Amino acid sequence: MAISAIFFLDIKGRIIIFRDYRGDVSPKYAEKFMSKINEMEEAGKLSPVIYDEGVTYLYLQVSNLYLLAVTRTNVNACSTLVFLHRLVDVFKHYFQELEEESLRDNFVIVYELLDEVMDFGYPQFTEAKILSEYIKTDAYKMEVAVKPPMAVTNAVSWRMEGIRHKKNEVFLDVVESVNLLVSSSGQVVLSEVVGVLKMRTYLSGMPECKLGLNDKVLFESQGRSSKQKAVELEDIKFHQCVRLARFENDRTISFIPPDGAFDLMTYRISQNIKPLIMVDCIVERPSRSRTEYLVKARSQFKERSQANTVEIMLPLPADAISPSMKCSQGSAAYVPEKSALVWTIKSFPGGKEYTLRCHFGLPSVEAEDEGKGKMPPIKVKFEIPFFTVSGVQVRYLKVIEKSGYQALPWVRYITTSGNYEIRMI
């Protein structure tokens, strides 16, 4: 990819800062971009990528700014947009908020950063921590020239050399979010698990880490017994520190980690998932202007696990009058601004069932009839520690460093609710 220029425009399309990398575009293309944006907005066809008369415009809108990349070559649009997002992260690292005022107040630093992150239209370094080692907001006060850190001149741009920790530790969290949609008849319409491996590393030197999972593809290639629990991971995305060639060859996740917190890997698993917490809501109407909900919530995971901070949001008609509720566990409260009843259960062990009864009135029969069949779904939030719904397991986590120190690896599993909805009758 070769970007010709980067523009920072205000909301009206006026240029705040402009950096020309290749000399083949002029500032007039910012005006053309705004006219194209207005045309497409009127036609309802807005897109982050616009092609017009041999020029490609790729942009992001951040608060009151347009961040625009212009090119005459056939660039990889996804890579360019990722670069723009990384550029936003760099500026937020320096200025907290990326706005017109912060750009104008720090235009010298902005131009320095634009020169470092890209050379002749080709992306270079977008690691904010590394850039901040030698491009400082108070650089004009320094009497001694700042030497660029080794991370800029070696292959491991995400980690500094000479890092030292008194205690060498690695923390790995396997966090899975469950996206689930259940029909009013209790059938699972949509189910998916989105996982992320979150790491915090406090390791001295330049260590190499090796991570093994119960990967189905690996087990099959090694001819392992089918009795061993294995999972098939889809849409795998790695942090840039992972050696992709090694993974493609033998499915080993090998990497030199950044110092501190980062997301090592994300994945998705498409499988039929039994609802971990099932909510049934029976609607009764004892009179023409009175409605009752009988809600049953049951946990459908193993008894040795328990869900924490469970929140069940039950929709009520917008004009519900004086709702009263009673629950067998936890507490319930009416939230009028959300037209919902929120049932909170601090601890929900596996294999348990709790009930809630709610009574409320409606101002008219017409209002009651209008509400039928139009209620939004029930939404459930929860977190289950020491549990993964997909069965993903960390088989090993090794740390190898030339000094030979022993590192302590800590692994934790967490399952949380993502977009978890159950339709009402």
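The values are calculated or read from the model by the stated rules, or taken from the named source; none is laboratory data. In this text the structure is predicted, and so the values were computed from the model without any measurement. When we count neighbours, we look across all protein chains shown, and the Cβ atoms used for this are built from the backbone with ideal geometry, even at glycine. Surface accessibility is based on the protein's heavy atoms, side chains included, excluding ligands, DNA and RNA. Shrake-Rupley method; radii C 1.70, N 1.55, O 1.52, S 1.80 Å.
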- Query: How large is the accessible surface per residue of the chain, computed with a 1.4 Å probe and reported in Å² as a whole number?
  - Reply: 53 Å²
- Note on the structure: Taking 0.36 nm per residue of separation between R200 and S132 and subtracting their Cα-Cα distance, the length gained on full extension comes to 22.4 nm
- Query: Expressed in whole Å with the largest first, what are the equivalent ellipsoid semi-axes of segment 5-152 derived from the C-alpha gyration tensor as the square root of 5 times each eigenvalue?
  - Reply: 29, 16, 13
- Rounded to the nearest whole number, the Stokes-Einstein translational diffusion coefficient of the chain at 37 °C and 0.692 mPa s (Kirkwood radius, C-alpha pairs) in µm²/s is 126 µm²/s
- Computed from the beta carbon distance with a Förster radius of 25 Å, FRET efficiency for Q61 and S26 to the nearest 0.05 stands at 0.65
- Rounded to one decimal in nm, the spacing of the 7 Å Cα→Cβ label points at R298 and D115 is 6.9 nm
- Message: Let me cross-check S221: its accessible surface, 1.4 Å probe, with only protein heavy atoms counted, in Å² to the nearest 10?
- Response: 90 Å²
- Separation in nanometres of the label points that stand 7 Å from Cα toward Cβ, at K12 and S270: 4.9 nm
- Query: Given a Förster distance of 56 angstrom, what is the FRET efficiency for E248 paired with S287, based on the Cβ-Cβ distance and rounded to 0.05?
  - Reply: 0.25
- Task: Can you figure out the FRET efficiency of R357 with N419, using R₀ = 25 Å and their beta-carbon distance, to the nearest 0.05?
- Result: 0.35
- Among rounded, prolate and oblate, which fits segment 169-214 when a ≥ b ≥ c are the square roots of the eigenvalues of its C-alpha gyration tensor, a/c under 1.5 means rounded, and a/b larger than b/c means prolate? prolate
- Message: Please return the longest range in the chain lying between exposed loop sites, taking chymotrypsin sites (Phe, Trp or Tyr not before Pro), DSSP loop only, at most 16 other beta-carbon atoms within 10 Å, and leaving the sites out.
- Response: 135-385
- Message: Less than 11 Å Cβ to Cβ from S270, Lys/Arg counted +1 and Asp/Glu -1: what total charge do the surrounding residues give?
- Response: -3
- Message: Please give the Cα centre distance for segment 261-295 versus segment 152-224, rounded to the nearest Å.
- Response: 28 Å
- Count the net charge of all other residues whose Cβ sits under 9 Å from the Cβ of I16, scoring Lys and Arg as +1 and Asp and Glu as -1. 0
- Task: Calculate what fraction, in whole %, of the accessible area of segment 5-152 sits on carbon and sulfur atoms when a 1.4 Å probe is rolled over the protein chains.
- Result: 49 percent
- In nm, spacing of pseudo-spin labels at R86 and N106 (7 Å Cα→C-beta vector): 1.9 nm
- For segment 219-358, give the percent of accessible area contributed by carbon and sulfur heavy atoms, probe 1.4 Å, rounded to a whole number. 46 percent
- Message: Charges at C-beta only: +1 for Lys and Arg, -1 for Asp and Glu. How large is the resulting dipole of the chain about its Cα centre, in Debye rounded to 20?
- Response: 1860 debye
